[in-house]
Amino acid sequence: MDESSSVQQDFRDNLIRYGGDVYPEIVERAQGCYVFDAAGKKILDFTSGQMCATVGHSHPNVVAAIKKSCDTALHLFSGMIPRSVVQLAEKLAKIVPKPLRKSLLLSTGSESNEAALKMAKLYTGGFEVIGLGGSWHGVTANAGAVSYASDRKGYGPGMPGSFAIPEPNAYRCPVKHCRDRCDRTCMNIGFELYDMQSTGAPAAIIAEPVISAGGVIVPPPGYFAALQAEARKRGMLLIFDEAQTAFGRLGHWFAASHLNVTPDIMTVSKTLGGGMPLAGVITTDAIEARCHERGFAFYTSHVSDPLPSAVGLAVLQTIEQEKLLERSAEMGDYLDARLAELQARFEEIGDLRGMGLLRGIELVRDRETREPHHQLGALTTQRCLELGLSMNIRRRPERGSVWRIAPPLTVTTADIDLAMTIFDQALTETRDVLVRQSTGRTAPAQRAASAV
Ligand SMILES: Cc1ncc(COP(=O)(O)O)c(C=O)c1O
């Protein structure tokens, strides 16, 4: 039995399978923008791990913070507040858009949304929560109930009062109304349906500023201001889930600051922890005060733990020291330009979208019909990995195949060039194989695509 099949056998024998395939080799090490497997292969990581290694894997500042915590404190009684927690909360209060200020420091993104939704319910006295189609907020009860990109089937009823409104996807309008320009009909229809179904107990609207797992959908200008107005009309709180978008991924501290829309509650997670489990809920003094009066409790084993907060501080310092907000915008533009070159040559690249270093590439069989090309997506992803590039493909049968590209913010132009060379080769080879399979002939040489 070769090494790779033995890893997969071990996975089957001793681990609970939690979704999707696993990489066929043991991964030994991760450093900067690369991971290294047991067979000696160096893989360019364009998923930043699970979107968390935004300052690069094992950044020296993160490693130093962990080592320092080993000499001071790793974990405490949840009612004891370590210095790193005070400092991180203070730092967050300085950089979040006002009037957001107070933080609750937790471990995972699901947990942060769980806490935010509980706060919204306690604050408003309602329990109805609206999420956007295709969104992902986590796997716990409240967060999972308003996640519509995840597999919901087989677990029985979700939380009562969970609603979805169609996502503003201009490339694949969910209400089959617009093409390439969203006029927010999707939102209007969504709220009409919600109002029809509501039992009169609205609590919150929760949204990712870029719907990432749902296909890297960037809502049109003005969308979030309109969403906030709809929330206000109904007495609902607006929650931004900035798990992926905060701390530089889009070239800004927060999507909220860029959008000029300040939510009532913001959750942050993945990109704050530098690879360690760390999440936060950030809200206003007024919301915190009312929730406290009403007995808000979210007393977990790792709330306010010293180690992750020390790492979070190191991540924020690194972003400032290495000017990663600016760098993300700059490298994002470079990546976008390189992707546009490929789009000009591959008819199958139907759409490019995203901001900063969060980019989506949608694959189609035909640019006019926009029929999704799932097979090309799956096989090209596999070939990229063989050639040394890890990319995440989001496949939703009714919505298309979209690669999500999100390298660490420390990525260089040389890394991007390497990724594009691999991507080009993988796409060319895979397309060739598919054409050969379907026609028995070799694919024509790459031709200029008609419209970009
Ligand atoms: C936008 C968003 N929110 C929340 C979560 C859940 O975070 P976690 O997996 O840390 O619980 C994710 C995870 O992918 C996410 O992408």
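Per-residue answers, yes or no, for (1) modelled with pLDDT of 95 or more; (2) within 15 Å of the ligand (Cβ to nearest atom); (3) more than 19 Å from A204 (Cα to Cα):
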position: A243; (1), (2), (3): yes, yes, no
position: S269; (1), (2), (3): yes, yes, yes
position: G273; (1), (2), (3): yes, yes, yes
position: D285; (1), (2), (3): yes, no, no
position: L307; (1), (2), (3): yes, no, yes
Please work out if L316 is touching a residue at least 40 places away in the same chain (Cβ under 8 Å) and within 15 Å of L88 (Cα to Cα). yes
By my count, helices (runs of 4 or more DSSP H) wholly in the stretch 2-86 with at least 3 residues that are open to solvent by 80 Å² or more (accessible area, probe 1.4 Å) are 3-14, 60-71
Any chance V175 is more than 30 Å from K102 (Cα to Cα), of a type in the set (A, V, I, L, M, F, W, C) and in a loop (DSSP other than H, G, I, E, B): yes
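Here's the yes/no breakdown for (1) aromatic (F, W, Y); (2) surrounded by fewer than 23 Cβ atoms within 10 Å (Cβ to Cβ); (3) more than 16 Å from the ligand (Cβ to nearest atom):
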{"residue": "V96", "(1), (2), (3)": "no, no, yes"}
{"residue": "P160", "(1), (2), (3)": "no, yes, yes"}
{"residue": "F163", "(1), (2), (3)": "yes, yes, yes"}
{"residue": "R179", "(1), (2), (3)": "no, yes, yes"}
Name the residue that is nearest to the chain's Cα centre (by Cα), counting only residues in the stretch 400-436 that are of a type in the set (D, E, K, R) and under 12 Å from C384 (Cβ atoms). D424
Quick test of your reading of the structure: S107 fulfils all but one of (1) within 12 Å of the ligand (Cβ to nearest atom); (2) crowded, with 23+ Cβ neighbours inside 10 Å. Name the failing condition by number. (2)
Checking the conditions here, which among M196, M187 is touching a strand residue (DSSP E or B) at 6+ places or on another chain (Cβ under 8 Å) and away from the ligand (no atom under 16 Å from the Cβ)? M187
Need pairs with beta-carbon distance below 7 Å; first residue under 25 Å from N260 (Cα atoms) and within the stretch 100-129, second within 15 Å of the ligand (Cβ to nearest atom) and of a type in the set (D, E); sequence gap 6+ or separate chains. N113/D241
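Matching residues to (1) in contact (Cβ under 8 Å) with a residue 12 or more places away in the chain; (2) more than 26 Å from T369 (Cβ to Cβ); (3) among the hydrophobic types (A, V, I, L, M, F, W, C):
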residue: S147; (1), (2), (3): yes, yes, no
residue: K153; (1), (2), (3): no, yes, no
residue: C182; (1), (2), (3): yes, no, yes
residue: T199; (1), (2), (3): yes, yes, no
residue: A207; (1), (2), (3): yes, yes, yes
residue: I211; (1), (2), (3): yes, no, yes
residue: G215; (1), (2), (3): yes, no, no
residue: V218; (1), (2), (3): yes, no, yes
Residue list for the stretch 231-260, restricted to those being assigned to a loop (DSSP other than H, G, I, E, B) and not aliphatic (A, V, I, L, M): G235, E242, Q244, T245, F247, G248, R249, G251, H252, W253, F254, N260
Pairing a residue in the stretch 156-174 that is free of Cβ contacts under 8 Å to residues at least 24 places away in the same chain with any residue that is part of a loop (DSSP other than H, G, I, E, B) and open to solvent by 40 Å² or more (accessible area, probe 1.4 Å), where Cβ atoms lie under 8 Å and the two sit 6 or more apart in sequence or on different chains, gives G158/R152; C173/R179
May I ask you to say which residue of N113, N188 is surrounded by fewer than 19 Cβ atoms within 10 Å (Cβ to Cβ), in a helix (DSSP H, G or I) and of a type outside the set (A, V, I, L, M)? N188
Of the conditions (1) of a type outside the set (S, T, Y); (2) open to solvent by less than 10 Å² (accessible area, probe 1.4 Å); (3) within 22 Å of V216 (Cα to Cα), the single one that D183 does not satisfy is (2)
For the stretch 251-260, name all the residues that are in contact with a strand residue (DSSP E or B) (Cβ under 7 Å, 6 or more places away or on another chain) and either open to solvent by 10 Å² or more (accessible area, probe 1.4 Å) or modelled with pLDDT under 95 (or both). G251
Checked the stretch 209-223 for anything open to solvent by 10 Å² or more (accessible area, probe 1.4 Å) and of a type outside the set (G, A, S); matches are V218, P219, P220, P221
When the residues of the stretch 224-241 are narrowed to those that are more than 24 Å from M355 (Cα to Cα) and open to solvent by less than 20 Å² (accessible area, probe 1.4 Å), which ends up nearest to the ligand (Cβ to nearest atom)? L237
Just the residues that are open to solvent by 10 Å² or more (accessible area, probe 1.4 Å), under 12 Å from G360 (Cα atoms) and of a type in the set (A, V, I, L, M), please, taken from the stretch 375-406. M391, I393
Among what's in the stretch 120-155 and is open to solvent by 10 Å² or more (accessible area, probe 1.4 Å) and assigned to a helix (DSSP H, G or I), pick the residue that is farthest from A297 (Cα to Cα). G144
Number of the condition not met by P220 [criteria: (1) away from the ligand (no atom under 16 Å from the Cβ); (2) within 28 Å of G273 (Cβ to Cβ)]: (2)
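The values are calculated or read from the model by the stated rules, or taken from the named source; none is laboratory data. Please read all numbers here as calculations on a predicted model, not as lab measurements. Here Cβ is always computed from backbone atoms with ideal geometry, including for glycine, and neighbour counts include all displayed protein chains. Just so you know, the surface numbers come from the protein's heavy atoms only, side chains and all, with ligands and any DNA or RNA stripped out. Shrake-Rupley method; radii C 1.70, N 1.55, O 1.52, S 1.80 Å.
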